[in-house]
Amino acid sequence: MKHFLLFISFGILLTSCKNEYKPRVINNITIQEFTIDSTSIRAIEVIDKNSMYYAGSKGDIGFTSDAGKNWKIKNIHFQDTIIPHFRSITKSGENIFALSVGNPALLYKISDKKIDLVYTEEHEKAFYDAMKFFADDKYGIAVGDPTDQCPSIILTSDRGNTWTKIPCDKLPIFENGEAFFAASNTNIKIINNTVWIVSGGKKARMLKSTDKGQTWSIYNTPIVQGNGPQGIYSVDFFDENNGIVIGGDYSKPEDNCKNKAITSDGGKTWEIVSDNNNPNYKSCVQYVPNTNGKEVFAVGKTGVSFSNDGGNTWKEVSKDSYYTIKFVDKNTAWLAGHEKIGKLLLN
């Protein structure tokens, strides 16, 4: 019996070692660029290697189905005089949703046949930053800066046909000067029924709901904070416990002090990583799919950085400026920036 048990234990050890992911060493990358004239692009929705949508600053919604060779672009105007500045885009079923920043807030439902305005909000402080749908495509969430003493959060439970704003008595109170950043449509992350949102400015904190936005908790982070351009710009989670945030000071983009942190308890506590080391300010961070949380990319106007140890150490792999990145699979990602879309292909 003893020999049998030893044999089984040894077999399990071999299997564990064999299945452990060995992260890649990436020293530099090449990005294929597509020029998109006269628009700044901070929000993308990826379908596959050949197909993706973008939402731009000139009321433009772009789509390619042939890996960027050709683009179909719809231009949206509100009341013929207002050109929506889109910084959020998401997909539910066959419909695309795009949300503008500024007053009035304009949320559009877009299909091949028509464009419907499904939510508006008029307020001098209105400024929506990011939007996502849950995996069921029925429930969705969009977040914006405070118009009162709490963050602006709107929810849908009918696939985006109607949206309702959560009252402040159901939300955490924000500090004066605390808000969100509309930098990459990645200050929201959703896994199953859990949603995380990250803030900046006066405070850099983590809001978390485990019931699709019905109730909320809020947690402090050690990320640089205290004034307007400081804080967390992007969040991603590998699973419901392990996540990463990144940001910094937009006004001092070369600074790399306290601008990235990781969690292993679902966002309750955070550990600063790679402090005073690369990368500096970044507007988007994303885990690479199917790499067991080991490989991570971060992009921003200061370039592209890569980690193969879960964010503890980093290497700059490109000086190309991009606002956002989203992966299709382990080897393919789409990026977006000022007047350009990029496509990254890894080995």
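Each value in this text was obtained by applying a stated rule to the coordinates, not by laboratory testing. It should be emphasised that the depicted structure is a prediction, and the values quoted were computed from it without experimental measurement. All Cβ positions, glycine included, derive from the backbone under ideal geometry; neighbour counts span all protein chains shown.
Would you check which residues across segment 55-76 are surrounded by fewer than 14 Cβ atoms within 10 Å (Cβ to Cβ), basic (Lys, Arg) and either on the phi > 0 side of the Ramachandran plot or assigned to a loop (DSSP other than H, G, I, E, B) (or both) and list them?
If the condition is that a residue be surrounded by fewer than 14 Cβ atoms within 10 Å (Cβ to Cβ), basic (Lys, Arg) and either on the phi > 0 side of the Ramachandran plot or assigned to a loop (DSSP other than H, G, I, E, B) (or both), then 69 is the only one that fits.
Show the residue pairs that are 6+ apart or on different chains and have beta-carbon atoms under 7 Å apart, the first residue being within segment 54-68 and among the basic types (Lys, Arg), the second being surrounded by 18 or more Cβ atoms within 10 Å (Cβ to Cβ).
These pairs meet every condition: 58/39.
Go through segment 132-168 and give me each residue that's among the polar types (S, T, N, Q) and out of contact with any His (no Cβ under 7 Å at 6 or more places or on another chain).
Step one: list which residues in segment 132-168 are among the polar types (S, T, N, Q), which gives 147, 149, 152, 156-157, 161-162, 164.
Of everything in segment 132-168, those that are among the polar types (S, T, N, Q) and out of contact with any His (no Cβ under 7 Å at 6 or more places or on another chain) turn out to be 149, 152, 156, 157, 161, 162, 164.
From 112, 116, which residue is without any contact (Cβ under 8 Å) to a residue 40 or more places away in the chain, assigned to a loop (DSSP other than H, G, I, E, B) and of a type in the set (Asp, Glu)?
112
Under the condition of being of a type in the set (Val, Ile, Thr) and surrounded by fewer than 19 Cβ atoms within 10 Å (Cβ to Cβ), which residue from segment 137-162 is farthest from residue 217 (Cα to Cα)?
162
In segment 98-136, which residue that is within 20 Å of residue 151 (Cα to Cα) and charged (D, E, K, R) is surrounded by the most Cβ atoms within 10 Å (Cβ to Cβ)?
Ranking the candidates gives 129 first.
Filter segment 176-221 for residues that are part of a strand (DSSP E or B) and of a type in the set (Phe, Trp, Tyr); which is nearest to residue 42 (Cα to Cα)? First the steps, then the outcome.
Here is the first cut: in segment 176-221, the residues part of a strand (DSSP E or B) are 178-179, 188-191, 194-198, 200-201, 205-209, 217-220.
Cutting the leftovers down to of a type in the set (Phe, Trp, Tyr) gives us 196, 219.
Details: 196: 19, 219: 27 Å.
This residue is 196.
Regarding residue 259, is this residue surrounded by fewer than 17 Cβ atoms within 10 Å (Cβ to Cβ) and not charged (D, E, K, R)?
It is false that residue 259 is surrounded by fewer than 17 Cβ atoms within 10 Å (Cβ to Cβ) and not charged (D, E, K, R).
Name every residue in segment 145-179 that is closer than 21 Å to residue 224 by Cα and within 20 Å of the chain's Cα centre (by Cα), in order of residue number.
Hits for segment 145-179 are 145, 146, 151, 178, 179.
For segment 303-332, how many residues meet the condition of being surrounded by fewer than 23 Cβ atoms within 10 Å (Cβ to Cβ) and among the hydroxyl-bearing types (Ser, Thr, Tyr)?
Total satisfying the criteria: 4.
Give segment 29-54 a look and list any residue that's among the acidic types (Asp, Glu) and in a strand (DSSP E or B), or say none.
33, 37, 45 - these are the residues of segment 29-54 that are among the acidic types (Asp, Glu) and in a strand (DSSP E or B).
Quick check: anything in segment 130-141 under 24 Å from residue 247 (Cα atoms), in a loop (DSSP other than H, G, I, E, B) and out of contact with any Gly (no Cβ under 9 Å at 6 or more places or on another chain)?
no
Which numbered condition in (1) crowded, with 21+ Cβ neighbours inside 10 Å; (2) over 24 Å from residue 316 (Cα atoms) is the only one that residue 41 fails?
(2)
Give the residues of segment 275-293 that are in a loop (DSSP other than H, G, I, E, B), buried (at least 17 other Cβ atoms within 10 Å of the Cβ) and under 18 Å from the mean Cα position of the chain (by Cα), sorted by residue number.
Selection gives 279, 280, 281, 282, 283, 288, 293.
Determine whether residue 89 is assigned to a strand (DSSP E or B), in contact (Cβ under 8 Å) with a residue 60 or more places away in the chain and farther than 19 Å from residue 161 by Cα.
Here the answer is no, as residue 89 does not meet what is asked.
If a residue has to be out of contact with any strand residue (DSSP E or B) (no Cβ under 7 Å at 6 or more places or on another chain) and charged (D, E, K, R) to count, how many in segment 140-176 make the cut?
Residues in segment 140-176 being out of contact with any strand residue (DSSP E or B) (no Cβ under 7 Å at 6 or more places or on another chain) and charged (D, E, K, R): 5 in total.
Just to be sure before I move on: is residue 218 more than 23 Å from residue 84 (Cβ to Cβ) and either under 17 Å from the mean Cα position of the chain (by Cα) or free of Cβ contacts under 8 Å to residues at least 60 places away in the same chain (or both) in the structure I sent?
Details: more than 23 Å from residue 84 (Cβ to Cβ): yes; either under 17 Å from the mean Cα position of the chain (by Cα) or free of Cβ contacts under 8 Å to residues at least 60 places away in the same chain (or both): yes.
In short, yes.
Within segment 163-175, track down each residue that is of a type outside the set (Val, Ile, Thr) and either free of Cβ contacts under 8 Å to residues at least 24 places away in the same chain or surrounded by fewer than 23 Cβ atoms within 10 Å (Cβ to Cβ) (or both).
163, 165, 167, 168, 169, 170, 171, 172, 175
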